[in-house]
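Engineer: I have a structure I would like to understand better, so I am pasting it below and will then ask my questions one at a time.
The values are calculated or read from the model by the stated rules, or taken from the named source; none is laboratory data. Small disclaimer: the values here were computed from a predicted structure and weren't measured. Heads up, the Cβs are rebuilt from the backbone with ideal geometry, glycines too, and the neighbour counts pull from every protein chain shown. Remember, those area values only see protein heavy atoms, side chains included, never the ligands or the DNA or RNA. Shrake-Rupley method; radii C 1.70, N 1.55, O 1.52, S 1.80 Å.
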Amino acid sequence: QVQLVESGGGLVQAGGSLRLSCAASGSIFSIGTMSWYRQARGKQRDLVATITSGGSTNYGDSVKGRFTISRDNAKNTVYLQMNALRPEDTAVYYCKLTAYLVPYWGQGTQVTVSS
């Protein structure tokens, strides 16, 4: 059974930074594609960033140049470094692991950016 636990969310002023972490249990982390999604209140869940098992990355247009996704396979952890945060980045951030076409989701962590 795979479990994902996010951490690092909180309240930050506009222009500030946060680093989210997502720790995974189980042995499939290193072969899985890891993603961060976010869902603002009343809106759909959107893709923020993805990193493959080989380290290739992809970002949503709204976060390009501000957010960086990375992974540490030795620690079974994926990170999301968020810089130059804006109020519109406020959302619950979820990590997702996809392995053998099966998705696993974390419980989410709240990020609130004040203006």
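Engineer: Residues of segment 60-80 being in a strand (DSSP E or B) and open to solvent by less than 60 Å² (accessible area, probe 1.4 Å), which ones?
Structural biologist: Filtering segment 60-80 for residues in a strand (DSSP E or B) gives 67-72, 77-80.
Within segment 60-80, F67, I69, S70, R71, D72, T77, V78, Y79, L80 qualify.
Engineer: Out of segment 13-22, which residues are more than 11 Å from the chain's Cα centre (by Cα) and within 23 Å of K96 (Cβ to Cβ)? Give the steps one after another, and end with the answer.
Structural biologist: Step one: list which residues in segment 13-22 are more than 11 Å from the chain's Cα centre (by Cα), which gives 13-18.
The answer is S17, L18.
Engineer: Related question: For segment 35-42, check the following and say yes or no: at least one residue is surrounded by fewer than 18 Cβ atoms within 10 Å (Cβ to Cβ) and in a strand (DSSP E or B). If you could, list the steps in order and put the result at the bottom.
Structural biologist: Of the residues in segment 35-42, the ones surrounded by fewer than 18 Cβ atoms within 10 Å (Cβ to Cβ) are 39-42.
Of the ones still in play, those that are also in a strand (DSSP E or B) are 39.
Yes, the conditions are met somewhere in segment 35-42.
Engineer: If you don't mind, another one. Go through segment 97-115 residue by residue and tally those that are touching a strand residue (DSSP E or B) at 6+ places or on another chain (Cβ under 7 Å) and in a strand (DSSP E or B).
Structural biologist: Within segment 97-115, residues that are touching a strand residue (DSSP E or B) at 6+ places or on another chain (Cβ under 7 Å) and in a strand (DSSP E or B) number 11.
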